[in-house]
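Data first, discussion second: the structure below is written as C-alpha cells.
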Amino acid sequence: MTVHAESLDLPKGTTREKLGRGWYKFSRNTMSIVGLCFVLLVTFLAVFAPLVAPYPEHAGKFVDFANASIPPGRTYPLGTDVMGRDILSRIFFGFRFSLMMGVVVLSLVVPPGVTLGLIAGYYQGTWIDTAIMRITDIFLAVPPLILALAICSVLTPNLFNAMLAVSLMWWPWYTRLVYGLASTLRNEFFVSSAEVIGASKFHIIFKEILPNCISPIFTKMSLDMAWVILLGSSLSFVGLGVQPPRPGLGTMVAGGTDYLPELWWISVFPALAIVVVVLGFNLLGDGIRDMFAAEEV
Amino acid sequence: MSSPPSRQDSGHLSRPPQNGALLKIRDLHVHFKVYGGRLRVLDGVHFTMHPGEKVGLVGETGCGKTTTMKSILRILPEPPARIAGGEIYFKGRDVLKMKQKELRKVRSEGISMIFQDPTAALNPVFTVGQQLEAVVKYSIEGKNLSRKEIRERTLQPLREVALPDPERMLDTYPLQLSGGMRQRVCIAMALAASRELLIADEPGTSLDVTIQDQILRLLHRLVEETDVSVLLITHTLGVVREMTDRVYVMYAGRMVEVADTQELFDNPLHPYTHGLMEAVPRLTGGGVADGIAGRIPDYMHPPQGCRFQPRCPRAMEVCHQEKPTFYRIDDNHQVACFLYRDSET
Amino acid sequence: MSSITYIVRRLLHSVFVLLGLSIMIFIIARVMPGNPARMAVGPRAPQEVIDRMSERMHLHEPLHIQYYYWLRDALRGDLGVSLVTRRPVVDDIKDFFPATLELTLFAGVIMGAGGILLGILSAQHKDTWIDNALRVVSYLGVVTPSFVFAIFFLLLFGMVLNWMPTTGRLSPDVVAPPTVTGLITVDSLLAGNLRAFVDALWHLFLPGLALAMGGLAQESRITRSTMSDNLTKDYIASARSLGIPEGVIMRRFLLKPSLIPTVSILGLDFAGTMGNAFLVELIFNWPGSSRYGIETMLRKDLNAIVGVVMVLGVVFIIVNILVDVVVGLLDPRIRLSAKRGE
C-alpha cells in the first residue's frame, strides 16, 4: 500500500488552502455531497427526534388498535403498524439506535485495533507479529454476521450486547489494515533515522508511523459506519439486537415480514430508511477517500 | 501541404515527401486540467528531425520533454491532458489527425518509445515472452507470420540487447529481473516493433550509474550498427555529447535552442543553455559549479513573455512582453532569444 | 517457492485457524450462564439425571480437558447432540446445510461472473450512460442489505408479479432426484432429471439473486475501478505505443492484472454472503441452516452453535484457499515472491 503524498508541484499552502483543496476534492463528486446531506439529515432527525417526530410517544410502549394497520396517508405519512404506531416517528427514533451503534462500536474498536496493528507492524517478523496476526486470522475466518450472531447468542439479546458483540469481531479489520501499512512503513528511512537517534519505540510507533496511516484509517472509519449500522440492523432483524417494542430499524422490518404483501409499508419503509443511512455513509466515505487521495498530474 | 504518401504492397508508409523530414512538430500546445485551473505545459513546441539523425533533447525535469514525446505517439492520458493546438507530422502525415488504424501502423512500424521507468513499463502479470510476442503478432505484418517466425522475431531483439539466455528469458516475469535487465527488455520490445524512429526517454535514469552506463553503451552500439533514427531525451549533458549529432534544448514547454552537438557545446547562445553548461561540475579548474538561480515557472500562471525571463541574467524589456521565436544564426544553429534577434543570417 | 509449497503452507495455516476458531467458539459457548447439563436434559429432570449428564458432559473437569473431549469427538465426526432437535448435531447439519450451501454457491457464481462482466462493461463504456447507470445500480447494491433486497424481490417478483416461486426449493409437483450431494441442482443433473434441474434453478433464482446483489455490486465496482486505474499505468501506454490494438490491450493486458483485486475480494464477499444467507433464508422460508442456526442461537444450544460455526468456518476457509490459488495463478508476484504471505 502506498503512502499518500501531495503532489510536489502544487504548493501546500496554509491550512485554509488545505481545507479548500480537501473540499474541492470532496465536492468533485456530487454523490459525496448527497451522502453528506443524507448523513446530516439522519443525524438531525436522530438528535431532535422528540421534537421533530409527529407522534414521539409512539416510539415506546404504545398501543392504539383503533388506528392500526393504516396505509400511508395524511395523518400518518408512512402508515401505522399493527399496534397502531406511526411508522415515520418510529423511524426517526430508530435512527438513534443506528447512529449509536456506529459511533459506539467504532469508538470501541478503533483504538485497540489500530494499536495492535501498529505493534504487529513495527515488530514485523517477530513472534509478536505472528501471534497478533494469527489471532486476527482466527477472527476473520468466520463470516462476520455468523460470528456476531454466535457472540450475541451467548448474551441477553439487547442493543448493548449487540454493540459489544460487533465490537468484539470488528477490531481485527483495523489491525489488518494498519498492519499492512505499518509493516511497509516500518522499513522506510524515517523510521530508521528515528531509531538511530534513539527515539523511544512509543514515539516511533505513535508519532512517526501512525500519522502516515491516518488517511486510510479515516476512510475506513467513514465507510465502516455504514457496515456497522448494517450489521446492527441485521442483528435486530434476527431478534438479537434492538428488542421490540423499541423501534430499531431492523426490528421494525422483521416485525412487518409476517404481513407481506398486504401491509407492505410496515417493512418497506424501515428498510428504505436503512438504505438511506447506509447509502449516506457510504457516499460520505467515498468522498472522504477522494479528499485524502493524492493528486496526480 | 505535401502530396499524400503512396501505399506499397507491404502496407508501409512510403518515403516522406520533398522536404524529407522524418518527424516535424509544429507549434504544439498541450494543457493539463487540474485543481484551480489549467497547466499550460507545452507552449508552442517546434521540432524537426530527419531520417538517420541522432538527435538529443535536453532539459531539466518538468520542462515537458516526456509530454512532448507522449504526444507524438498520442499516449497522453487524455483527460486530464489535452492537445490544444499544433501538428505533429511523421513522414508527412499529421499524427494528431490520424485514425486508429493508421496510428497503429505508425506505432507498430514507425516510432517506438522506450519509457523512463522500465519496471512500470512492463506488465507485471505477463512473461517477457508473452509481451514480446504480442508486439510481433499484432504488428501490421504479424498476421502473415508463422509461429516459428514469430518466435524468432521475439528472440532476435533479446539477442540484440545482449540479454543472456534469450530462450529462458521468454518465460520469465519482469519481477524476476534486475533493473538493468528490465531496461534491456524494454529496448528489445521497442526494437521488435519499430525500426524507423526510436525515442529513448531518459534511458537508465532510474538505475544504478554503472548499469546506466551499460545501457547507454548498448544504445550507442545499436544506433551505430543500424540506421535507425534516434531521439534521445535526457537531462544529462554528457550523454548527449557522446551520442548525438544534433541537440535541442528545452525549457518550460518550449524549445529554446537547437544546434549541431559540437557547435552547441562550443558556442552555447541561449542564457539557459549557458547556465546548463556552467552547472556541470568540472574536474579541473576548481570551484563548485553554480546552479541556475530560480525555479521553473508555474505552468498555471506562466510569465507572459519569454518563459525563461524571470531567471534570465540578461533579460530585456521586450522579454517581459513577447515570446521569442527561433532566430537562425547559422545553418546548423538556431536560438529562441531576443538577444539574437538582430543576428539572423 | 513453488506452488505446491505455497498450497501446503496455506493448508497448514488454515488448520491452525480452524483450531483457533474452535477454541474460541468453545470458550464463548462455555461462558454462557446456565447449566448446560440441565439444559440438555430439560427443566423437569430430577437432580440425579442432571448429575449423570454433567458427568457425561465432563462439566466438572477443567476447561481444557473439556475442550480435549470435544475435539476428540469432533474429529471422530461426533459434534454432540442438539438441545433443540435432540438429534446428533452432525445429522442436523447434514439435513439443513446442503440447502444453504446450494443457495450460497449459486449466489457466489452470480457474484463472481456477473460482477466481473458488469465491471468490464462499465469500464469499457466509461463515463457514458451505461457506465453511469451501472454505477448507480451497483452503489445501491452495495449499500442495501441482503434482507432488504430479499423483501423487495419477494414482494415484487414473487407476490405482485408472480413470476417466480417464493418458498421452497422445488415445486410440489416435481419429483425430487435421489440425494447424492444434497444440492438439488447437482443431484438432478446426476440423475438426468432436467425438469427438476430447471425447477430447482427457478426456485433458487430470487433468493440467490437477493443474496448476490451486494457482492455483485462490489465486484463490479472493484473491477471497474481497478480497470480504470490500470488504464493510466505505464505498461498500458507502452503497449499502445508499440502498436498493440486497443481491443487486445483491453481484453488481455488490462483485464488480467485488473482481475486480481476482484478475485481477492471475492473470498471476503462470499463470507458476507454466507452470513446473509441466514436472513434471506428466513424471508424466503428456504429450508436451510438459518432456521436451525437462529433457533439454536436463541435457545443457547451449545453443541449446535459450535457445530454450525465450525462448519461455516470450514467452508469459508476452503473458499478462501481456492480464491488464493486463483489469485496465485493470475498474479506471478504472489506465487514467486519470497516474502511471507500476509
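The values are calculated or read from the model by the stated rules, or taken from the named source; none is laboratory data. Predicted, not measured: the structure shown is a model, and the values here were computed from it. Cβ placement follows ideal geometry from the backbone for every residue including glycine, while neighbour counts extend to all protein chains displayed.
What to note about this one:
- Once region C:65-79 is narrowed to residues that are without any contact (Cβ under 8 Å) to a residue 24 or more places away in the chain and in contact with a His (Cβ under 7 Å, 6 or more places away or on another chain), the residue that is nearest to C:Ile93 (Cα to Cα) is C:Tyr69.
- Test: residue in region B:121-129 that is within 8 Å of chain C (Cβ to nearest Cβ), over 25 Å from C:Glu246 (Cα atoms) and either under 27 Å from the mean Cα position of the chain (by Cα) or assigned to a helix (DSSP H, G or I) (or both): no
- Residue count for region A:251-271, restricted to those that are under 20 Å from A:Met100 (Cβ atoms) and within 8 Å of chain C (Cβ to nearest Cβ): 2
- Screening A:Ile146 against (1) under 21 Å from C:Leu279 (Cβ atoms); (2) touching an Asp or Glu at 6+ places or on another chain (Cβ under 8 Å); (3) at the interface with chain C (Cβ under 8 Å from one of its Cβ atoms) leaves a single unmet condition, (2).
- Filtering region B:59-117 to residues that are basic (Lys, Arg) and either away from chain C (no Cβ under 11 Å) or under 21 Å from B:Ala21 (Cβ atoms) (or both) leaves B:Lys65, B:Lys70, B:Arg74, B:Arg82, B:Lys91, B:Arg93, B:Lys97, B:Lys99, B:Lys105, B:Arg107.
- Only residues that are β-branched (Val, Ile, Thr) and at pLDDT below 85 were counted in region B:229-281, giving 3.
- The lone exception for B:Glu242 - which of (1) surrounded by fewer than 17 Cβ atoms within 10 Å (Cβ to Cβ); (2) touching a His at 6+ places or on another chain (Cβ under 9 Å); (3) within 14 Å of chain C (Cβ to nearest Cβ) it fails: (3)
- Residues in region B:218-235 that are free of Cβ contacts under 8 Å to residues at least 60 places away in the same chain and not aliphatic (A, V, I, L, M): B:His220, B:Arg221, B:Glu224, B:Glu225, B:Thr226.
- Those residues of region C:238-248 which are surrounded by fewer than 21 Cβ atoms within 10 Å (Cβ to Cβ) and of a type outside the set (Lys, Arg), in sequence order: C:Pro245, C:Glu246, C:Gly247, C:Val248
- Cβ pairs under 8 Å, 6+ apart, first in region A:128-142 and touching a residue at least 40 places away in the same chain (Cβ under 8 Å) and under 22 Å from C:Ala271 (Cα atoms), second charged (D, E, K, R) and outside any helix (DSSP H, G or I): A:Met133/C:Glu342
- Residues satisfying the stated conditions in region C:221-241, i.e. facing chain B (nearest Cβ under 10 Å) and of a type outside the set (Asp, Glu): C:Asn230, C:Leu231, C:Thr232, C:Lys233, C:Tyr235, C:Ile236, C:Ala237, C:Ser238, C:Ala239, C:Arg240, C:Ser241
- Wholly enclosed helices (runs of 4 or more DSSP H) of region A:43-158 bearing at least 1 residues closer than 30 Å to C:Phe316 by Cβ and either in contact with a Pro (Cβ under 9 Å, 6 or more places away or on another chain) or hydroxyl-bearing (Ser, Thr, Tyr) (or both): A:87-122, A:127-140, A:144-153
- Selected residue (only one of B:Glu149, B:Glu141 is within 13 Å of chain C (Cβ to nearest Cβ), over 23 Å from C:Ile236 (Cβ atoms), surrounded by fewer than 17 Cβ atoms within 10 Å (Cβ to Cβ) and more than 21 Å from the chain's Cα centre (by Cα)): B:Glu141
- In region A:227-250, the qualifying residues are those that are free of Cβ contacts under 8 Å to residues at least 60 places away in the same chain and surrounded by fewer than 24 Cβ atoms within 10 Å (Cβ to Cβ), and the one that is farthest from the other protein chains (Cβ to nearest Cβ) is A:Pro244.
- Qualifying residue in region B:45-54 (condition: of a type in the set (Lys, Arg) and under 21 Å from C:Ser241 (Cα atoms)): yes
- Against the list (1) at pLDDT 85 or above; (2) within 8 Å of another protein chain (Cβ to nearest Cβ), the condition C:Ile249 fails is (2).
- The helices (runs of 4 or more DSSP H) located wholly in region C:1-90 that include 3 or more residues which are within 14 Å of chain A (Cβ to nearest Cβ) and modelled with pLDDT under 75 occupy C:3-31.
- Of the helices (runs of 4 or more DSSP H) entirely within region C:117-232, those holding at least 3 residues that are in contact (Cβ under 8 Å) with a residue 24 or more places away in the chain and crowded, with 18+ Cβ neighbours inside 10 Å occupy C:129-143, C:146-153, C:194-231.
- Among the residues of region A:71-128, those identified as under 24 Å from the mean Cα position of the chain (by Cα) and of a type in the set (D, E, K, R) are A:Arg90, A:Arg96.
- Residue count for region C:280-306, restricted to those that are among the small types (Gly, Ala, Ser) and under 13 Å from A:Leu155 (Cα atoms): 0
- Filtered residues of region B:162-213 (kept if part of a helix (DSSP H, G or I), touching a Leu at 6+ places or on another chain (Cβ under 9 Å) and away from chain C (no Cβ under 13 Å)): B:Pro166, B:Glu167, B:Met169, B:Gly179, B:Gly180, B:Met181, B:Arg184
- Of all residues in region B:325-345 being among the charged types (D, E, K, R) and more than 27 Å from the chain's Cα centre (by Cα), the one that is farthest from B:Val249 (Cα to Cα): B:Asp342
- Residue match in region A:70-90 (condition: basic (Lys, Arg), crowded, with 17+ Cβ neighbours inside 10 Å and closer than 18 Å to A:Gly232 by Cβ): yes
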